[in-house]
Amino acid sequence: GSVNHALLEQLLAEPYLALSAPKSTGRELFNLPWLQQHLAILAQEKGITLTPQDVQATLVEFTAITIANDVRTFTCNNVPNELLICGGG
């Protein structure tokens, strides 16, 4: 799939992302209804319907960007040589 930049912009505008740390979230916010709402807005406002592959590619890009942004924020752009990421429960 290919990243859809209109959807990516919508996802990156999520207010949760602007909250100060410490913070934690999961399926209570980022879930199928959340995604469906964004896809419906994209379809209504821009007439864009995406393939599942394009949605998945966009979600992967969204995840990578949000992680990279927080790494830059919390390391003051002094990115470490090694970064361990874990999650889930």
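The values are calculated or read from the model by the stated rules, or taken from the named source; none is laboratory data. Quick caveat, the model's predicted, so the values are computed rather than measured. Every residue, glycine as well, gets a Cβ built from its backbone with ideal geometry; the counts of neighbours run over all protein chains shown.
Structure summary
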quantity: Which numbered condition ILE48 fails, given (1) touching a Lys or Arg at 6+ places or on another chain (Cβ under 8 Å); (2) in a loop (DSSP other than H, G, I, E, B); calculated: (1)
quantity: Near pairs, Cβ below 9 angstrom, 6+ apart or cross-chain, from segment 43-58 (more than 9 Å from LEU7 (Cβ to Cβ) and without any contact (Cβ under 8 Å) to a residue 24 or more places away in the chain) to any residue that is exposed (fewer than 11 other Cβ atoms within 10 Å of the Cβ) and of a type in the set (Ser, Thr, Tyr); calculated: ALA43/THR49
quantity: Members of segment 1-18 found to be free of Cβ contacts under 8 Å to residues at least 40 places away in the same chain and either of a type in the set (Ser, Thr, Tyr) or part of a loop (DSSP other than H, G, I, E, B) (or both), listed by number; calculated: ALA13, GLU14, TYR16
quantity: Checking HIS38 against (1) outside any helix (DSSP H, G or I); (2) modelled with pLDDT of 95 or more, the condition it does not meet; calculated: (1)
quantity: For ALA21: the one exception among (1) out of contact with any His (no Cβ under 8 Å at 6 or more places or on another chain); (2) of a type outside the set (Phe, Trp, Tyr); (3) not in a loop (DSSP other than H, G, I, E, B); calculated: (3)
quantity: Test for THR63: is it surrounded by 10 or more Cβ atoms within 10 Å (Cβ to Cβ), within 15 Å of VAL3 (Cα to Cα) and modelled with pLDDT of 85 or more; calculated: yes
quantity: Candidate set from segment 70-84 (those that are assigned to a loop (DSSP other than H, G, I, E, B) and within 20 Å of LEU19 (Cα to Cα)); member that is modelled with the highest pLDDT; calculated: CYS76
quantity: GLY26, sole failed condition from (1) within 24 Å of LEU7 (Cα to Cα); (2) in a helix (DSSP H, G or I); (3) not aliphatic (A, V, I, L, M); calculated: (2)
quantity: In segment 43-60, residue surrounded by the fewest Cβ atoms within 10 Å (Cβ to Cβ) [restricted to those that are under 28 Å from SER20 (Cα atoms), among the hydrophobic types (A, V, I, L, M, F, W, C) and out of contact with any Gly (no Cβ under 6 Å at 6 or more places or on another chain)]; calculated: VAL60
